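Here the structure comes first, spelled out in structure tokens, and everything after it is commentary.
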Amino acid sequence: MQSKFQLPSIPGLLLIVLFAAVATALSTLPFFQHLSLSPLVVGILIGIVFANTLGHYLPEEWRSGLKFCSKRILRIGIIFFGFRLTLADVAQVGLSAVALDIFIVCSTIGLGLLVGKWLNMDKETTLLTSSGSAICGAAAVLGAEATLKSEAYKTAVAVSTVVLFGTLSMFLYPVLYRNGFFPLSTHEMGLYTGSTVHEVAHVVGASNAMGKEVAEVAVIVKMIRVILLVPVLLVFSWSARSRSESVAPDQRRLVVPWFALLFLLAIALNTLLSLSPAVTEPIKTVDNFALTMAMTALGCETTIDKFRQAGWRPFVLALVLYLWLVFGGLLAVKALSCGGLIA
């Protein structure tokens, strides 16, 4: 039975607001912008530093404020993320991009499950790491965390793998593209970048370094991957419900993550109402801050001991998935091109 809602600790909530504000400010500095580190990533780093230093002195009653941010504020942030997208964006790149994204997402998560089982990893860490690689980085990890209700340190470990390999792609892709390693046209490179790089911020950073034509395609393809977060979360919810030993077999029905449906509703509203930037930009600002609060709160619950508990396996899994994205994604784009499915 779920516990009743309790009001969060105001001091704990204000602490996260303060940390999130600092993370937002730091992310605007040239150093962090050069690395394309979003406020979300800076926030979780601040949280982890706090957890392993002054966090030991945090009053226990404040922790309900941290939990509120890492759970409920997180879901609000995921919903508002939908206002970044419209269905018209999908039409711009065509069905080939949709097919490519579906293939990349399904194959990456499937490979992740196989490798995670081979590495004897727990299912939650495997799914968190795989979804972060397959879909949209930290936002996907947070969405999966909200669905699977996993422990905070597992989420932090999964996010750290996204940051590591996503940042690597952001610098590696432009260098390899300029030196002719990728035998792709600008349109194909946009498809490839958008379908294989982890974070939205990483895609923006990498694609802009390769030219406007690449960036225009890459960002839209990336956003299609973001939309695929919803069906993936529905599958995760069904899987978690089916595995639950505390639930009778006849009661193991699908529990739909309400925030995932509201995420789709936000996309639909943005599409049907053609919301102007005057409306969507403030929503994006609030959304960024909400997600930064959630990431910071997760960081505040993550200590070095918990990283040691997770061990090296999540990083090996993330490396295997990264190699698959780089080489498998390249083969998939070339196959579509050779089949005449890319304009």
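The values are calculated or read from the model by the stated rules, or taken from the named source; none is laboratory data. Because the structure is a prediction, the values reported are computed rather than measured. Ideal geometry is used to build each Cβ from the backbone, glycine not excepted, and the neighbour counts take in all protein chains shown.
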Residue that is modelled with the highest pLDDT, among those in segment 53-72 that are among the hydroxyl-bearing types (Ser, Thr, Tyr) and out of contact with any Pro (no Cβ under 6 Å at 6 or more places or on another chain): 53
Complete set of residues in segment 139-198 that are β-branched (Val, Ile, Thr), without any contact (Cβ under 8 Å) to a residue 60 or more places away in the chain and farther than 30 Å from residue 258 by Cα: 175, 186, 193
Some residue of segment 80-101 being under 21 Å from residue 238 (Cα atoms), touching a residue at least 12 places away in the same chain (Cβ under 8 Å) and touching a helix residue (DSSP H, G or I) at 6+ places or on another chain (Cβ under 9 Å): no
Qualifying residue in segment 302-325 (condition: outside any helix (DSSP H, G or I), closer than 30 Å to residue 114 by Cβ and of a type in the set (Asp, Glu)): no
Helices (runs of 4 or more DSSP H) fully within segment 101-200 counting 2 or more residues that are over 28 Å from residue 303 (Cα atoms) and over 18 Å from the mean Cα position of the chain (by Cα): 152-178, 186-196
Test: residue in segment 34-54 that is out of contact with any Cys (no Cβ under 6 Å at 6 or more places or on another chain), under 18 Å from residue 159 (Cα atoms) and hydroxyl-bearing (Ser, Thr, Tyr): yes
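Let's see how each residue does on (1) surrounded by fewer than 22 Cβ atoms within 10 Å (Cβ to Cβ); (2) at pLDDT 95 or above; (3) under 19 Å from residue 196 (Cα atoms):
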residue	(1), (2), (3)
83	yes, no, no
105	no, yes, yes
122	yes, no, no
137	no, no, yes
158	no, no, yes
161	no, no, yes
168	yes, no, yes
174	yes, no, yes
